[in-house]
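One structure is given here, and the rest of the page talks about it.
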Amino acid sequence: MNPWLARLFTSLPLVTVLSGCAMSQPHVAEGPRAEVPAAPRPLARSFYAKDASGALTENDLQHVLESPIDLQFPARVGVVPLAQAFDANGKPSLTTRGVASRELAFALAQSPNFSHVSDVSTELPNSGGIEGLRVIAARYRLRYLILYTERFEDDTHLNGLAWLYPTILGMFVSPGVTVESRGLAQADLLDVRTGTVLFSVVEPLHVTSKEMMIGAARAHRELQVRAASEGAKRLAKSVAVQTRQMLAYADAMATPEGKARRALRLLPAPVAAQRPGEPSQQVARP
């Protein structure tokens, strides 16, 4: 017999067995593939009422809480001294404005997360509240605002040396007045695009000194200015730390798609906008 034919007949039983095994395998129907839920879109605008109340409907409140925030750093930031927290209508004192611009803004300019730090005046027309601050920021072309406020509670009182005051001469030579205040310096980082307060940091302030009755008020004000000035420097460090921690958390929670997406670098425009039909334009990182 031909050797080739002999090998063919020898392999036929094996082919039959394999075919039977293949036919005996049950057919598993492929079910519908589970769809991966799309990632929620970042919050792109403010849903708060365009007045000083900043009210939210229930649906808008839920939407805001369910939407991520697109952090764009480094960014232009403005330092706003306020007479009252989150209110752009009141006029801050010249001393508060000086501390905010000289100490806080100067210290923040050293942070790599802030490409430019600008002093901001609340004297521009605005409706007050956070929405008024957003309008001011838009005029300055700023992506973020740092709202600075400071307040003191006075606890000035007479001390044991005040018993010399009835002598009249003691009023001029005895430091019978203890000038003391406790206060807070506060900084709030506001996302101008969405009206979201990203974080708040506070720095405790304390002044105390024994002064003579004549000139005690002036000495008290000078001590408060000095304490606020030093507190603003510490506050700037806290803002820088909080910003780094916030960005680190965002990076740790980012999806692979988010990590692959380049950060938008579209200055001077503080918000990147894309018109329908136009290709996305991004500036490459240096």
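The values are calculated or read from the model by the stated rules, or taken from the named source; none is laboratory data. Quick caveat: nothing in here was measured; it's all calculated off a predicted structure. Every residue, glycine as well, gets a Cβ built from its backbone with ideal geometry; the counts of neighbours run over all protein chains shown.
Table: residues versus (1) under 19 Å from D191 (Cβ atoms); (2) surrounded by fewer than 22 Cβ atoms within 10 Å (Cβ to Cβ); (3) at pLDDT below 90.
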{"position": "A83", "(1), (2), (3)": "no, yes, no"}
{"position": "D87", "(1), (2), (3)": "yes, yes, yes"}
{"position": "V99", "(1), (2), (3)": "no, no, no"}
{"position": "L104", "(1), (2), (3)": "yes, no, no"}
{"position": "A107", "(1), (2), (3)": "no, yes, no"}
{"position": "S121", "(1), (2), (3)": "no, yes, no"}
{"position": "L133", "(1), (2), (3)": "yes, no, no"}
{"position": "A138", "(1), (2), (3)": "yes, yes, no"}
Open item on the list: For V202, only one of the following conditions fails: (1) modelled with pLDDT under 90; (2) within 29 Å of P81 (Cβ to Cβ); (3) in a strand (DSSP E or B). What is its number?
Closed with: (1)
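Conditions (1) of a type outside the set (A, V, I, L, M, F, W, C); (2) modelled with pLDDT of 75 or more; (3) in contact with a His (Cβ under 8 Å, 6 or more places away or on another chain); (4) surrounded by 15 or more Cβ atoms within 10 Å (Cβ to Cβ), marked per residue:
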| site | (1), (2), (3), (4) |
| --- | --- |
| E150 | yes, yes, no, yes |
| P166 | yes, no, no, no |
| F172 | no, no, no, no |
| P175 | yes, no, no, yes |
| L198 | no, yes, no, yes |
| I214 | no, no, no, no |
| Q224 | yes, yes, no, yes |
TODO: Just give me the residues in the range 65-84 being within 15 Å of E131 (Cβ to Cβ) and out of contact with any Gly (no Cβ under 9 Å at 6 or more places or on another chain), in sequence order.
DONE: V80
TODO: Filter the range 232-252 down to residues that are over 25 Å from S101 (Cβ atoms) and free of Cβ contacts under 8 Å to residues at least 12 places away in the same chain and give me whichever is surrounded by the fewest Cβ atoms within 10 Å (Cβ to Cβ).
DONE: A252
Open item on the list: Take residues that are without any contact (Cβ under 8 Å) to a residue 60 or more places away in the chain and aliphatic (A, V, I, L, M) and tell me which of the strands (runs of 3 or more DSSP E) falling wholly in the range 59-156 contain 1 or more.
Closed with: 114-119
